[in-house]
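First up is the structure itself, then whatever we jot down about it.
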Amino acid sequence: MNKLIAGLILFFTMATTIVMQAQILSESFDATLFPPTGWTNTRIAGAASPGTWLRITAGTNPTCTPHSGAGMAYYNSFSWSGGNASDLATPALDFSSGSFAVSFWMYRDAGANTKFDSIAVYVDVNTSSAGGTRIGLINRLQTLAPVEAAQGWYQYTFNIPSNYNGSSNHIIFKATSDFGNRMFIDDVSVYALLPPNDLTGIAASNSGVCQSLGATLYASGVDGTVYWYADSCNGTAIGTGDSIVVTPSQATTYYARNYKNNLFSTNCTSLAITVYPNYLVTLSDTICARASYTLANGTVVDTSGLYLVTVPSINGCDSTISLTLTVLPQFSSTVSGSICSGQSYLFNGSNLAQAGTYLDTLLTSNGCDSIITLNLTVASQITSTVQQTICATDSVLFNGTYLNQAGSYNDTLTATNGCDSIVTLQLTTLPTLSQSISAQICDGDVYNFNGTQLNQAGSYNDTLTATNGCDSIVTLQLTTLPTLSQSISAQICDGDVYNFNGTQLNQAGSYNDTLTATNGCDSIVTLQLTTLPTLSQSINAQICNGAVYNFNGT
């Protein structure tokens, strides 16, 4: 049933904001007639029967009751397979005067959480969503945008686009099934949006500002969002908000008005800001290098450049002094001088004998100093010491003289820097090394003396190179040891044997044996062996009967 209310009513949104509105349609689906008078209900996709919106007084899948009154509209996406869709369109509505919005209540739940059943809201001059402008989409699932914390009824509001400004327009609710749970809507309202109240005034942190400095403008009587303009109401937009910072370069009048419900307040509120000028003074000056210049603010500078100094003017704004400062160069030249140690250098009337940097200041044509820098070098007497070693029998040429005696010798030359260079020779003479050795050989042997085979006693010399590179003389005293000989005589009885150095002899004769004497040479022993014959003798003796005869102990 259509409920057309001509007057103004108070409408409360979920955010508890109070909006003054003129309602042109209100439908709660409490009457049994469905669709209500002037509404259309059209299946647009799917084969389900009836496949359109229905009215119900108590909901299941999910379980719910109407948001208000006895009835509500629902779409059976619980029983109708995915893709089934139906349009529920309002009667024709006149949007030709003002701005309008549509609001409705929808039940959101968390069941069948993989199914995306949805209700889309369209506006069009026809009663079909096809070709219309979609102005909103609400998913049945409370976990999808717009997300709701709990299962239940929630109100949603969408503004009508300004291009639908004719006298015959329709709001279409397109239900689309994803074979999830049923979807429920209730308490549909279409209403005209009223403009916000005018601002009550504008205040400024400063009514007069200096160039490049800003002022903060504050709006009072804010109703919605404040839009700010420069030069005229609805002129150059400069921002939004209850306050704004402006930086005018000249005197400017600022305007502001409230914006709410897609509408601006009827009138603008304005405030003029005065801009005081900043003064600029341009100067130029010069200084000599190493001098300084004090700026108007007390800053001391000493380099060329453009300096901007800000000082307060009579109106409290900045007065800028622009100074172009040129630093005239200090002419300078550098000369180098060199003297030998013990000499002097004449500079600026002074005789200088020490190495160092010396300055002399003259006056140039521009009135600045000209500085001459002398880098004086004192070349020292160069000395060097040479160590030289020779053998006692050698000599070395030094300063044209052959030297063969150890000692210290000096020679004075001219170095590359033109000064004396003294060369000192430390001469060392290495002695000739000598060594005597003694050796003995047996008569008939040879002795190897540095490659020479010697067999005669005597004194022999050989010259070698020592580890210091000089001669080393070795003298050999060679002694020849004689071969020793000895004769011995021995006698044995006939039939006996004689042991001669391990040999058993039983015949008379002359025998030789060679031994090693205590000096290590041969010793020849000659044995003269004599064999003594066995002697026999007969003796006669007589004894008395009973007596004894001692015969060699027997």
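Assorted remarks:
- Length-normalised contact order of the chain in % [C-alpha pairs under 8 Å, at least 6 apart]: 8
- Charge-dipole axis of the chain as Lys and Arg at +1 and Asp and Glu at -1 on Cβ define it, positive-most pick from Tyr279, Ser81, Ala149: Ser81
- 1.4 Å probe accessible area per residue over the chain, in Å²: 55
- Correct option for volume of the Cα convex hull per residue in Å³ [calculated from the coordinates] among [x] 754; [y] 156; [z] 373: [x]
- Taking Cα centre as origin and charging only the Cβ of basic (Lys, Arg, +1) and acidic (Asp, Glu, -1) residues, the dipole magnitude of the range 423-528 rounds to 340 debye.
- Listed as lacking a disulfide-compatible partner in the chain: Cys64, Cys493, Cys544, by the criterion of no other cysteine Cβ under 4.7 Å.
- Per-residue extension of 0.36 nm, minus the Cα-Cα distance of Asp513 and Thr428, leaves a gain of 24.4 nm for this segment.
- Of all accessible heavy-atom area on the range 458-527, the percent that carbon and sulfur account for (1.4 Å): 45
- The accessible surface of the range 202-285, taken with every protein chain in place and a 1.4 Å probe, is 47 percent carbon and sulfur.
- For the range 525-533, 3J(HN,Hα) computed residue by residue from phi via the Karplus equation (6.51, -1.76, 1.60; θ = phi - 60°) reads 9, 10, 9, 9, 9, 10, 9, 8, x Hz, glycine and proline entered as x.
- Computed magnitude of the charge dipole of the chain (debye, nearest 20; Cβ of K, R +1, Cβ of D, E -1): 3100
- Expressed as a whole percent, the accessible area of the range 52-168 that falls on carbon and sulfur atoms is 51 (1.4 Å probe).
- Among Ser436, Cys419, Ala457 - extreme Cα towards positive end, dipole of the range 374-507, charges at beta-carbon: Cys419
- Highest mean first, the peptides 239-247, 133-141 sorted by other C-beta atoms within 10 Å per residue fall in the order 133-141, 239-247.
The values are calculated or read from the model by the stated rules, or taken from the named source; none is laboratory data. Computed from a predicted structure; not experimentally measured. Using ideal geometry, Cβ is built from the backbone for each residue, glycine included, and neighbour counts are taken over all protein chains shown. These accessible areas exclude ligands, DNA and RNA; they are computed on the full protein's heavy atoms, side chains included. Shrake-Rupley method; radii C 1.70, N 1.55, O 1.52, S 1.80 Å.
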